Amino acid sequence: MSVRFSRLGHVLASAGAAIGVANLIIFPYRVHYFGGSAYVLAFVAFTLLMGIPLMILENAMGKRRGTDATDAFEVSGASPRWKLVAWLGILTTILVASFYLVLAGWTLEYVWKYATDYATVAATPAGPAFGEAIGNIPRALLFTGIFTGLVALVCSRELYAGIERLSKFAMPLLGILLVFLIVSLPIMQPQAVDYGNLLKFDWRALLLPSANGELGILHALGQAFFSLGLGAVAMLTFAAHADRDTDVLRSAPQIVHLDTIVAVLGALLVVPLLGGVQGDIYGGPPLVFINLVEIFKTYGDAAQWVGLLFFLLLAVAILTSAVSLFEPFLRTMTEHYGWERSWGSFVTGVLVFALTVPVVISCSPNGPEWLTDFANMGDPGLGYFNFLLEWAGSISLLVGELLLCWFLLKKWGLPALFDELAIGGPIVAPARRRRLTFAYRYVIPVGIGLLLAAKAWTLLF
């Protein structure tokens, strides 16, 4: 029998899988631009309406069989082709890992810079410094490889000694670092923080199109899906490690709430720092590696430690997410193809690292145009990186979530889901059955449909 998570280990590992770059970079950026607390409120509402029902579904499916993602789609009368949904999710996790670990490599390099050569960081404008960091292909591959090796090492251990122990250490550390920075930064440099953009409730910025046609409300809807990492079978796979008597109706909301809390804390940390930025505020990685680096420099003698702690915080968040990207593929290989964790995790690491190479090259100004402007998504450069971010990190997740709901409604069945939820917990009350049924039949498909339509419009027009 496979080793299982403890109940706390399952919740912390799943929350760690969800908590990552979306919480600490993407969410604060969107809060800043799309209505402040109005965006936060919309995000929280969507996690309650859609995030929790989907987390319940993925946890119940994974726990039901207790093996891996592909077996979760085995039910009476269901075609074996439904397993292709699991393989789509597994492929998604591998592709997401291929660009996620490149970002992890940049983060690790900045941890190294702040720890060993802060004088150079302080003396060099953040924009050119970041350009040099992502343009130096051998150095970027070195740090990406180191981080990939660390993820493989964690996954190579038995569950309690690897992923669970990491989660029990990393999640409290993440919280401590976040709270310390939130409290200390305004004390050390009051003029560097501005809470105006966070506290304002600007419904117009949320509901009306921006200058480039973006709708904040749709971003908040997408954030509720992407922040939780649903649709890529990582949560389903972690649930396969849970005990059979785990109360999913209790644990799934706990996972969602922990992720939401960290997202709000991330906004509380980052958004006030953006208030005094002169010039452009970038989306995505440049927000951290350019905007925040310049802000940290204003902290004088404490600047080195402020920057070091922040990049350590980001590295911890990325690490807990990265192990969840390895796990669906690794779990399937160990369950069905005779792999051992001790060496299978490193084979997975080599595979993912090989896939990171074109991503790293696409970020360098010296890379070939077919990668730097892949699918005409260079802005400039980062073409293949942006392509993976859009298709694997967004569209594929949405399709996976939609197929999960379809599988539930057409093959597994809502009565079977409710029976599964009663194992380890109380019988699902009629009112809750009605709410979940409405979510799976109408709310979630409509929400995903809107997001996919918006994606199609953006890509086509």
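The values are calculated or read from the model by the stated rules, or taken from the named source; none is laboratory data. Fair warning: this is a prediction, and the values are worked out from it, not measured in the lab. Positions of Cβ are backbone-derived with ideal geometry, glycine not excepted, and every protein chain shown enters the neighbour counts.
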Please indicate, with yes or no, whether at least one residue in region 135-153 is touching a residue at least 60 places away in the same chain (Cβ under 8 Å), within 17 Å of Leu292 (Cα to Cα) and among the β-branched types (Val, Ile, Thr). no
Could you please let me know if Gly16 is of a type outside the set (A, V, I, L, M, F, W, C), at pLDDT below 95 and crowded, with 23+ Cβ neighbours inside 10 Å? yes
Within region 131-149, which residues are within 16 Å of Gly367 (Cβ to Cβ) and in a helix (DSSP H, G or I)? Gly131, Glu132, Ala133, Ile134, Gly135, Ile137, Pro138, Arg139, Ala140, Leu141, Thr144
The residue from Pro186, Pro172 that alone is part of a helix (DSSP H, G or I) and either acidic (Asp, Glu) or without any contact (Cβ under 8 Å) to a residue 40 or more places away in the chain (or both) is Pro172
Scanning region 373-394 for residues that are of a type in the set (A, V, I, L, M) and part of a loop (DSSP other than H, G, I, E, B), the one farthest from the chain's Cα centre (by Cα) turns out to be Met377
All-but-one check, Ala45 against (1) surrounded by fewer than 24 Cβ atoms within 10 Å (Cβ to Cβ); (2) small (Gly, Ala, Ser); (3) under 25 Å from Leu178 (Cβ atoms); (4) touching a Ser or Thr at 6+ places or on another chain (Cβ under 8 Å), failing number (4)
Restricting region 425-436 to residues that are assigned to a loop (DSSP other than H, G, I, E, B) and in contact with a helix residue (DSSP H, G or I) (Cβ under 7 Å, 6 or more places away or on another chain), the residue that is modelled with the lowest pLDDT: Gly425
What residue, of Leu174, Leu230, Leu159, is at pLDDT below 90 and buried (at least 24 other Cβ atoms within 10 Å of the Cβ)? Leu230
Just checking, how many residues over region 333-362 are part of a loop (DSSP other than H, G, I, E, B) and crowded, with 16+ Cβ neighbours inside 10 Å? 1
Between Leu308, Leu325, which is surrounded by fewer than 24 Cβ atoms within 10 Å (Cβ to Cβ) and part of a helix (DSSP H, G or I)? Leu308
Taking only region 209-247 into account, find how many residues are more than 18 Å from Val40 (Cα to Cα) and not in a loop (DSSP other than H, G, I, E, B). 7
If you go through region 398-417 one residue at a time, do you hit one that is over 24 Å from the mean Cα position of the chain (by Cα), on the phi > 0 side of the Ramachandran plot, surrounded by fewer than 21 Cβ atoms within 10 Å (Cβ to Cβ) and not polar (S, T, N, Q)? yes
